[in-house]
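Asks: Before we start, here is the structure in question, set down as structure tokens.
The values are calculated or read from the model by the stated rules, or taken from the named source; none is laboratory data. Here the structure is a predicted model, which means the values were calculated and not measured. Here the Cβ positions follow ideal geometry from the backbone for every residue, glycine too, while neighbour counts run over all protein chains shown. Areas reflect the complete protein model, heavy atoms only, side chains present, ligands, DNA and RNA absent. Shrake-Rupley method; radii C 1.70, N 1.55, O 1.52, S 1.80 Å.
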Amino acid sequence: MKTAAVVTVTNGKRLLELAKCIASVKAQTYPCQHYVLVDGMNPDRFHNDYDYYDKDLHFCYWPKPIGGKDLEGRRWLAAAPHLINEDVTFFCNDDDWYEENHVQTIMEKIEEGNDWAYSFRKIFDKEGNFLFPDNCEALGE
């Protein structure tokens, strides 16, 4: 069985959404490690406001924002696959969340012999109401 890691970068601006992200990764039907990479935020304040202790949840902190304007955490995203030991890496933005079988369905495709797999997103409003399926613009032309 291949191992899975979910990487989330946050700068602390969306902590309520991050809580939902963390809960969705914890609820996965496929076991996975969750690495929350905190970009330029004081870890003491973070843990005072949100206590997320779990053996599969790992916080990593960088003391100053990295990446520059409008690129918060991008260097974290680039470095993450080199810093973790799991076989497959997933990325989940701090204001996104996964359906509970998301990692499982992707891992099944990889276990079939594929080198990689992806899924399309669903767009919801802040109240959790489904709006529409992603039209693939995030994937480019």
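Asks: Would you please name the residue that is most open to solvent (accessible area, probe 1.4 Å), looking only at residues in the stretch 64-81 that are touching a strand residue (DSSP E or B) at 6+ places or on another chain (Cβ under 7 Å) and modelled with pLDDT of 85 or more?
Replies: P81
Asks: Could you please let me know if F46 is at pLDDT 80 or above and either open to solvent by less than 100 Å² (accessible area, probe 1.4 Å) or not hydroxyl-bearing (S, T, Y) (or both)?
Replies: Considered against the rule, which asks whether it is at pLDDT 80 or above and either open to solvent by less than 100 Å² (accessible area, probe 1.4 Å) or not hydroxyl-bearing (S, T, Y) (or both), F46 comes out as no.
Asks: For the stretch 100-111, which residues satisfy the criterion of being in a loop (DSSP other than H, G, I, E, B) and farther than 30 Å from K13 by Cα?
Replies: None; the set is empty.
Asks: Let me ask another. Quick one: which residue in V6, V25, V36 is at pLDDT 80 or above, within 27 Å of G113 (Cβ to Cβ) and not in a helix (DSSP H, G or I)?
Replies: Going through V6, V25, V36 in turn, the sole match is V6.
Asks: Something else now. Residues being open to solvent by 60 Å² or more (accessible area, probe 1.4 Å), touching a residue at least 60 places away in the same chain (Cβ under 8 Å) and either more than 21 Å from R121 (Cβ to Cβ) or of a type in the set (F, W, Y) (or both): count how many of those fall in the stretch 82-111.
Replies: Number satisfying all stated conditions: 5.
Okay, residues lined up against (1) more than 27 Å from G12 (Cα to Cα); (2) in a loop (DSSP other than H, G, I, E, B); (3) modelled with pLDDT under 85; (4) acidic (D, E):
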residue	(1), (2), (3), (4)
Y98	no, yes, no, no
G113	yes, yes, no, no
K126	no, yes, yes, no
L131	no, no, no, no
